[in-house]
Amino acid sequence: MKQAHCIYQEDDHRWFAIARDASKPGYIIDTNEYVVVNGDEALLCDPGGIEIFPAVFSALSAECDPTRLAGIFSSHQDPDIISSLALWLEFKPDLKCYTSWLWQSFLPHFGGQDSTFIPIPDPGMTIRLGGLELQAIPAHYLHSSGNFHLYDPKAKILFSGDVGAALLPADHNGLFVEDFSRHIRHAEAFHKRWMGSDRAKRDWCERVSRMEIDMLVPQHGAIYQGGDVQRFINWFAALEVGVLRG
Amino acid sequence: MNAPDRNLHVKAPGVSELARIVRVNEEIKAIVSTAFRINLMALNAIFLAKRAGNAALGFGVLSNELRRFAQELTRHMATLRDMTSGSVGSVTGVVQQQRTSAILAEAIRLSGDGVPGVREARRRGATRLAEQQACLRSLDLRLRSAVEETQQLVELGGVLARSAKIEAAYGGTFSPALMQVSTDFAEVIAQIKRSLEVLGKERLVKD
Ligand SMILES: [Fe+2]
Ligand SMILES: [Fe+2]
């Protein structure tokens, strides 16, 4: 069963990773959800699909009061990212969902109404959580054409959506990347096939290299920390993406 | 908990409601096409009676009545059809709400009743479901009474068909042709009656 692990804490500012669900049906891709808590407010990053809602909800409730959820950050429009939206709204009807303006009229197919969505413009925006200023960082075409990552400059954590994703075998169940070269083998095919634009990738690598990042937390697979963050960025910069095979 | 087991927990009930709507719609479509056939048959009967002239005056009057009946039946079917197409929206709402509530209930089961906000969420879901079901139930009642009205109309059609048979006997040389037409009428009306009986037994919501 999914559990929330605290990956960062300073006073009442915390990050939780709700990672790895060994009990979910095998035909559903495994996802990580992240919760940023600051004082009385919480933001859920990429809440996941309908099928895993009960597991995510209970893992989140075990660590923080779900009525304190102020918003949902949806990196893009995929079903494994946000198809559970209607269920979160069922729980909290006034929840706000931050997503690219590109998907503002697509996501209501999963749930919500006009007032639910806060469109993020292409250059990104600041998302305030109590006194904390989180940054929506553009990551368009990686892989979705309207795609954002979420940066917490105080915790130095970058939530990177599908970038950094690895489809790990069941026995690789550590929360963090332990052996980069062993780990990255499981990320290669995914990035080659899902990431469509080499130009967007180079631009992202260039911008992100200049940011201070202690942890790069992806939506699938293990978390990169310390030296592995730059190692990943370098690896990604050199990878040929947008290829069908090979 | 193993995977298939968890899937069962969140499996959505209520898919059969949509299947029921589809059955009702199909039944109505069948009656509509039969009603259209009656229309054509009545027109033919009118022409036949004209050709038979004085020998088939009574039959002529009846075939005019049968045509009016067929037109009335078509109107009834249009009303029924409007009702069911509207009900697809209501049924979809119920199915969605049932699925949402089932998944939310599973989430509450896993996290325990003490989690803040879950009781309110459950109550909201239950209220919405009850509203949607009430809406569907009233639609079901309206549909049933519309079917009953149509059944009464078809009874009248049956009487007309029987009288047409009697009048056909006085049709002289046209008698066999008139008899054939009125027998066809009777058969088609019997068919509509059977369809309406099936329709009358369908329920959009379980009692
Ligand atoms: Fe995706
Ligand atoms: Fe994904």
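A few comments on the model shown:
- Only one of B:111, B:87 that is within 30 Å of residue A:24 (Cα to Cα), buried (at least 18 other Cβ atoms within 10 Å of the Cβ) and either within 14 Å of chain A (Cβ to nearest Cβ) or not hydrophobic (A, V, I, L, M, F, W, C) (or both): B:111
- Among the strands (runs of 3 or more DSSP E) confined to segment A:82-129, the ones with at least 2 residues that are among the aliphatic types (A, V, I, L, M) and surrounded by fewer than 21 Cβ atoms within 10 Å (Cβ to Cβ) are located at A:125-129.
- Checking each residue in segment B:114-150 for being under 14 Å from the mean Cα position of the chain (by Cα) and open to solvent by 60 Å² or more (accessible area, probe 1.4 Å) picks out B:141, B:142, B:144, B:148, B:149.
- Count of residues meeting criterion [touching a strand residue (DSSP E or B) at 6+ places or on another chain (Cβ under 6 Å) and farther than 14 Å from residue B:107 by Cβ] in segment A:10-43: 14
- Hits in segment A:106-124 (condition: in contact with a Ser or Thr (Cβ under 6 Å, 6 or more places away or on another chain) and within 14 Å of chain B (Cβ to nearest Cβ)): A:110
- Annotation: of all residues in segment A:76-105 being away from chain B (no Cβ under 14 Å) and more than 16 Å from ligand 2 (Cβ to nearest atom), the one that is nearest to residue B:115 (Cα to Cα) is A:96.
- Residue within segment B:98-106 that is farther than 30 Å from residue B:51 by Cα, at pLDDT 90 or above, open to solvent by less than 50 Å² (accessible area, probe 1.4 Å) and of a type in the set (Asp, Glu) present: yes
- Test for residue A:150: is it within 16 Å of ligand 1 (Cβ to nearest atom), touching a Cys at 6+ places or on another chain (Cβ under 9 Å), more than 14 Å from chain B (Cβ to nearest Cβ) and not basic (Lys, Arg): yes
The values are calculated or read from the model by the stated rules, or taken from the named source; none is laboratory data. As the structure is a computational prediction, the values presented were derived from the model and not from experiment. As a convention, Cβ positions derive from the backbone with ideal geometry for all residues, glycine included, and neighbour counts pool all protein chains shown. SASA here: full protein model, heavy atoms, side chains in, ligands and nucleic acids out. Shrake-Rupley method; radii C 1.70, N 1.55, O 1.52, S 1.80 Å.
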